[in-house]
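Beneath this line is the structure, given in structure tokens, with notes to follow.
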Amino acid sequence: MLSWWLPENVSTFGQEIDFLFELIYWITGGVFVLVAVAMLAFLVMYRHREGRRARYTHGNTPVEIVWTVVPTLILVVLTALSIPTWARIKMQLPQTDLKIEVMAKQFNWIVTYPGPDGKFGTDDDKTFDNEVHVPVGKPVVLVLKAKDVIHSVFLPNLRFKQDAVPGREILAWFEATKPGKYEMPCAELCGFGHSGMRGWLFVHTPADYQKWVKEQWPSS
Amino acid sequence: MSNPATHATVHEAHHELGFVRTYIFSTDHKMIARQFLFLGLFMMVIGGLLAMVVRWQLAWPETPVAGLGWLLTETEGVLPPEAYNMAFTMHATIMIFFVIMPILAGAFGNFCIPLMIGARDMAFPRLNMLSIWAAFLSGGVMLAGFFVPQGHAASGWTAYAPLSAVATYQGVNWGQNLWLISLFILTISSLMGAINYITTVINMRAPGMTFFRMPLVVWSLFITAILLLLALPVLMSATAMLLFDRTLGTHWFLPEGGGEPLLWQHLFWFFGHPEVYILILPAMGMASEILPVFARKPIFGYRAMVYSMLAICFLSWMVYGHHMFVSGMDPRVGMAFTLTTMVIAVPSAIKTFNWLGTLWGGNIRFTVPMLNALAFVAMFVIGGLSGVFMASTPVDIFIQDTYFIVAHIHYVVFGGSIFGAFAAIYFWFPKMFGRMLNPTLGHLHFWPTFVFFNLTFFPQHIVGVGGMMRRIYNPMQYEFLQHLQWWNVFITWSAFALGLAQIFFVINFFWSLFAGKKAPLNPWQSNTLEWIAPSPPPHLNWGDRIPTVYRGPYEYSSPEVAEDWFPQNRSLPARAAARH
């Protein structure tokens, strides 16, 4: 139910993240209800009564072993479920010919396309402020850099977040599943203009994307 | 066991100290405890008001903040973004370093440890005095930061470099410097305290007070002191390095000189995660102390409680990377931190179930300290469970740096530590000041605090899941956050009500201090040693004889005696004869 509030997911790996979110929500929610009900029941059943004497006990080893082992197993299983998804998102960069450099600076995203030659640092590079254009259904690799302080590219609808760190070049990827215009805020405090530092991700249909490319690089 | 303190100071037990020795140059652990308590409560007012300013801005962005017109004359009361960043930075800094640490570790560490293990004072009373002086100095330096040009530090309580390392990036110069100097001094204060606590617990326990007869609050403070001793030098080094980057031109954290911004995060969180347990362990100890007293039952699984705290102490060094999953740290390292972070939830789960086991079959008295301790347990459960979301690395990608984290940290440090602190204040106030707190005002404080705490912080999970980032000045600048704004307004009204509820506490505290009912020796019919000392205990605590301990601290409703409590120092004739 907490997941009602999640923004609409439009990325390939987003559904895996949402699945884990939902799973953890139901497990932790269930545990909370059990604990809360037990606690309230005990508070009512064992409230102070004249002449009542509390049960004199220091513990119960079998019960204590159960409530140590069961949570451990659940948590280890959650780890085992989390790690493959994590590896897929952050460790396995897909093959793609669409690489875009995002240079973060106070308080803008400077977005650079390598142009038709596919190489950065050549004459046909083209730079945009706070705008990323990508086609739907194709993996996109972002080359994240930062000029001054740490920033963080956050694409809520794509379940994407990665810090951009000065002095580093960090590669990250996503693949959008639905055309549209999605907000791209900065998620790491970067100074007085942090709030309002945001760009837009335009996810186009393949045809629209080709049209956009033609407009930008008419000669090729 | 042999204990030199048993005989050494007996002849000193009856003497009067002058005003200056009693209130300023005091080496008495109880006076130092009170000084830490007043420091913490004073700072809590400042930290709380800063939170109100933050909430105003989030509900009604860029409108004049009620009551701040005189301060923000240039903007006619509208909070500029620099001031907003300063407000949340200082709210967190003050609450963590100058409220929770001084109250839980400083005040109750000092008050409880010697009294509950049957010592006359701390092992190093003068070092103790130096510790509170350093804390006051550090607090003064921290407050001075509000009055320098460009204002106080505004880079978050985590002070990530390079934002915190270069004055022009942040637009703050001396504010951040004073922030670093203040924390550096505070680490010295806490280190002196930690060494004192550890030495006192190891060397100065009364005859018969074995380690496994120590009250759990003493165990928790002992383990907290170990964490402080090991974690604070890291913060100390990090603050010094950052200060050198800012003032001497070093480049520890600046890539243009070959430095590494992530090094700050590694150092900060290697301190910072144990720090979270420094904030919560004493509160766990307090709940473990108070639940048995009012359930009139032995604590369930005493040894499991001790071992789980030791497990937390050990594991807390191996989880810090979960603050850095999307920082650019090698994702392979993230996998290891996922497992350790998941596993550290186990000792907390054990403790929760043991608290429930303690309530089971009890004879529960709903006093004000008990209500606060129960609130601690319930709120800590929510804070612990929401932590599982962050431990799962893929989920953390989404919720990192959102209000979900803000909700989680407040369930742990407000729902946990602050309810623990309130429980401790209501419980030990009679011993500390010799007067009872008023229970009616106590209920008037507890119930609205509990209700409005949840109305303030639970919806923050929802806005976090909606994607709202933390530390943003104006959520209305984002289209995807528009539909959540009514939650922000709701949270702000709840936060104001939560703030107002604290007035009952302030009234109760000061009225009871001077006019409260005189406290008897043992108002709660508790077993532990502090309750056999007079209320308040005199200098050196015990009169002529140090108490001898015959049993564990939680022998409530024991079949051996007619009453439902059995003080640690009471000898049964037959038993006593058998032992000596």
Residues of the range A:158-185 satisfying the condition of being assigned to a loop (DSSP other than H, G, I, E, B) and either more than 20 Å from B:A154 (Cα to Cα) or of a type in the set (D, E) (or both): A:R159, A:G167, A:R168, A:E169, A:E175, A:T177, A:K178, A:P179
Selection count where residues are within 7 Å of another protein chain (Cβ to nearest Cβ), among the aromatic types (F, W, Y) and more than 16 Å from B:F294 (Cβ to Cβ), scope the range B:321-379: 1
Over 30 Å from B:I397 (Cα atoms), of a type in the set (S, T, N, Q) and open to solvent by 40 Å² or more (accessible area, probe 1.4 Å): does that describe B:T440? yes
Of the residues in the range B:346-379, how many are over 18 Å from B:Y556 (Cα atoms) and open to solvent by 30 Å² or more (accessible area, probe 1.4 Å)? 1
Answer residue from the range A:156-205, given it is of a type in the set (A, V, I, L, M, F, W, C) and over 20 Å from A:K90 (Cβ atoms) and is farthest from the chain's Cα centre (by Cα) among those: A:F192
Evaluate the following for B:F389: is it within 30 Å of B:L262 (Cβ to Cβ), within 9 Å of another protein chain (Cβ to nearest Cβ) and in a helix (DSSP H, G or I)? yes
Quick check: is even one residue across the range A:96-119 within 14 Å of chain B (Cβ to nearest Cβ), open to solvent by less than 30 Å² (accessible area, probe 1.4 Å) and not in a loop (DSSP other than H, G, I, E, B)? yes
In this structure, is A:T205 more than 10 Å from chain B (Cβ to nearest Cβ), of a type in the set (S, T, N, Q), without any contact (Cβ under 8 Å) to a residue 40 or more places away in the chain and surrounded by fewer than 21 Cβ atoms within 10 Å (Cβ to Cβ)? no
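Of A:V134, A:V141, which residue is β-branched (V, I, T), buried (at least 19 other Cβ atoms within 10 Å of the Cβ) and in a strand (DSSP E or B)? Lay out the reasoning, then the answer.
Details: A:V141 fails: buried (at least 19 other Cβ atoms within 10 Å of the Cβ).
Testing whether each residue is β-branched (V, I, T), buried (at least 19 other Cβ atoms within 10 Å of the Cβ) and in a strand (DSSP E or B) leaves just A:V134.
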Residues in the range B:309-340 that are assigned to a helix (DSSP H, G or I), out of contact with any Lys or Arg (no Cβ under 9 Å at 6 or more places or on another chain) and under 30 Å from B:F212 (Cβ atoms): how many? 6
Within the range B:196-219, residues being over 18 Å from B:N541 (Cα atoms) and among the basic types (K, R) number 1
Contacts under 7 angstrom Cβ, first residue in the range B:295-308 being more than 7 Å from chain A (Cβ to nearest Cβ), partner among the hydrophobic types (A, V, I, L, M, F, W, C) and not in a helix (DSSP H, G or I), 6 or more apart: B:M305/B:I299
Just checking, does the range A:186-199 include any residue being free of Cβ contacts under 8 Å to residues at least 12 places away in the same chain, part of a loop (DSSP other than H, G, I, E, B) and open to solvent by less than 50 Å² (accessible area, probe 1.4 Å)? yes
Please specify each residue of the range A:20-55 satisfying the condition of being more than 9 Å from chain B (Cβ to nearest Cβ) and either in a loop (DSSP other than H, G, I, E, B) or at pLDDT below 95 (or both). A:E50, A:G51
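Select from the range A:1-19 the residues that are open to solvent by less than 50 Å² (accessible area, probe 1.4 Å) and more than 9 Å from chain B (Cβ to nearest Cβ) and list them in ascending order. Please lay out each step first, then the result.
Initially, the range A:1-19 is screened for residues open to solvent by less than 50 Å² (accessible area, probe 1.4 Å), giving A:2-3, A:6-7, A:9-14, A:17-18.
Of everything in the range A:1-19, those that are open to solvent by less than 50 Å² (accessible area, probe 1.4 Å) and more than 9 Å from chain B (Cβ to nearest Cβ) turn out to be A:N9, A:V10, A:S11, A:T12.
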Per the filter on the range B:435-454, residues among the aliphatic types (A, V, I, L, M) and over 22 Å from the mean Cα position of the chain (by Cα) are B:M436, B:L441, B:L444
Do we have B:Q568 as within 14 Å of chain A (Cβ to nearest Cβ) and not aromatic (F, W, Y) here? no
Every residue from the range B:32-69 that is closer than 15 Å to B:F108 by Cβ and charged (D, E, K, R): B:R34
Pick from the range A:74-95, criterion open to solvent by 60 Å² or more (accessible area, probe 1.4 Å) and touching a residue at least 60 places away in the same chain (Cβ under 8 Å), ranking: farthest from the other protein chains (Cβ to nearest Cβ): A:L93
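Could you tell me whether B:F212 is under 17 Å from B:A107 (Cα atoms) and part of a helix (DSSP H, G or I)? Steps first, answer last, please.
Numbers: under 17 Å from B:A107 (Cα atoms): no; part of a helix (DSSP H, G or I): yes.
No, not satisfied.
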The number of residues in the range A:161-178 that are more than 7 Å from chain B (Cβ to nearest Cβ), more than 24 Å from B:T89 (Cβ to Cβ) and either at pLDDT below 95 or crowded, with 18+ Cβ neighbours inside 10 Å (or both) is 5
Being surrounded by fewer than 24 Cβ atoms within 10 Å (Cβ to Cβ), within 17 Å of the chain's Cα centre (by Cα) and in a helix (DSSP H, G or I) is true for just one of B:L263, B:L229. Which residue is that? B:L229
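What helices (runs of 4 or more DSSP H), lying completely within the range B:392-487, carry at least 1 residues that are modelled with pLDDT under 95 and more than 11 Å from every other protein chain (Cβ to nearest Cβ)? Reasoning before the result, please.
Details: elements: B:393-399, B:403-412, B:419-433, B:439-465.
Output list is empty.
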Which members of the range B:49-62 meet the condition of being open to solvent by less than 50 Å² (accessible area, probe 1.4 Å), among the hydrophobic types (A, V, I, L, M, F, W, C) and over 22 Å from B:G145 (Cβ atoms)? B:L58, B:A59
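Scanning for something farther than 20 Å from A:V203 by Cα, at pLDDT 95 or above and among the hydrophobic types (A, V, I, L, M, F, W, C), does the range A:138-146 turn up at least one residue? Quick ask: steps written out before the conclusion?
So in the range A:138-146, the residues farther than 20 Å from A:V203 by Cα come out as A:145-146.
Subset that is at pLDDT 95 or above: A:145-146.
Restricting the remaining residues to those that are among the hydrophobic types (A, V, I, L, M, F, W, C) gives A:146.
Yes, because at least one residue in the range A:138-146 is farther than 20 Å from A:V203 by Cα, at pLDDT 95 or above and among the hydrophobic types (A, V, I, L, M, F, W, C).
Can A:I65 be described as among the β-branched types (V, I, T), in the same structural domain as A:S152 (by TED's automatic domain parsing) and surrounded by fewer than 17 Cβ atoms within 10 Å (Cβ to Cβ)?
On the way: among the β-branched types (V, I, T): yes; in the same structural domain as A:S152 (by TED's automatic domain parsing): no; surrounded by fewer than 17 Cβ atoms within 10 Å (Cβ to Cβ): yes.
No.
Please tell me if B:W511 is open to solvent by 40 Å² or more (accessible area, probe 1.4 Å), at pLDDT 95 or above, on the phi < 0 side of the Ramachandran plot and outside any loop (DSSP other than H, G, I, E, B). Reasoning before the result, please.
Values: open to solvent by 40 Å² or more (accessible area, probe 1.4 Å): yes; at pLDDT 95 or above: yes; on the phi < 0 side of the Ramachandran plot: yes; outside any loop (DSSP other than H, G, I, E, B): yes.
So B:W511 fits the description; yes.
The values are calculated or read from the model by the stated rules, or taken from the named source; none is laboratory data. From a predicted model like this one, the values you see are computed outputs, not experimental measurements. Heads up, the Cβs are rebuilt from the backbone with ideal geometry, glycines too, and the neighbour counts pull from every protein chain shown. We work out accessible area using only protein heavy atoms, side chains counted, and drop any ligands, DNA or RNA first. Shrake-Rupley method; radii C 1.70, N 1.55, O 1.52, S 1.80 Å.
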